[in-house]
Amino acid sequence: MAGHSYTPSEKAKRARLVIKGVKNAYGDTSKVEREIDTIDRRAADRWEREQQALERQIDDARNQVAMAKARLKAATSGDRGTARQQLKDAERALTRAERAAR
């Protein structure tokens, strides 16, 4: 699924260009269309990079959960409480990363 991640200034500029294009609908709108395409390409590239970063964050969080589970299994009875808390923290971090990716 492809998307766009516009900055506030890009949203505003794009809206102005769309209005300008509509007003000049019977004239030459190629310059306006090129500017809109440039903004769209930048926003699509930014969105793709953000999605890749979120995927890496989710992978890292999953690895942390796996390591925390392994520490819990290997913990002595005195260290189980700390290991259990680390597992809960890792699971919360994974949940936050998965929500951010939606």
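Which three numbers, in whole Å and largest first, are the semi-axes of the equivalent ellipsoid of the stretch 8-102 derived from its Cα gyration tensor as √(5λ)?
Largest first, the stretch 8-102 gives 52, 11, 6 Å.
Assuming a strict under-23 Å limit between Cα atoms, what lysine pair count do you get for the chain once near-sequence pairs (fewer than 8 apart, same chain) are dropped?
9
From the phi angles alone, apply the Karplus equation (6.51, -1.76, 1.60; θ = phi - 60°) to the stretch 82-99 and give each ³J(HN,Hα) in whole Hz, x where the residue is Gly or Pro.
5, 5, 5, 5, 5, 5, 4, 4, 5, 5, 5, 5, 5, 4, 4, 5, 5, 5
In nanometres, what is the gap between the two model label sites at K31 and L72, each 7 Å from Cα along Cα-to-Cβ?
My value for the distance between the label points is 6.3 nm.
Expressed as an acute angle from 0 to 90° and rounded to the nearest 10, what is the orientation of the C-alpha long axis of helix 8-23 relative to the principal long axis of the chain?
30
If I take R0 = 25 Å and measure r between the Cβ atoms of N24 and A44 in this structure, what FRET efficiency does the formula 1/(1 + (r/R0)^6) give, to the nearest 0.05?
So the FRET efficiency works out to roughly 0.50.
Each reported figure results from applying straightforward, stated rules to the coordinates on display, with no laboratory input. Everything numeric here is computed off the predicted structure, so don't read it as measured data. All Cβ positions, glycine included, derive from the backbone under ideal geometry; neighbour counts span all protein chains shown.
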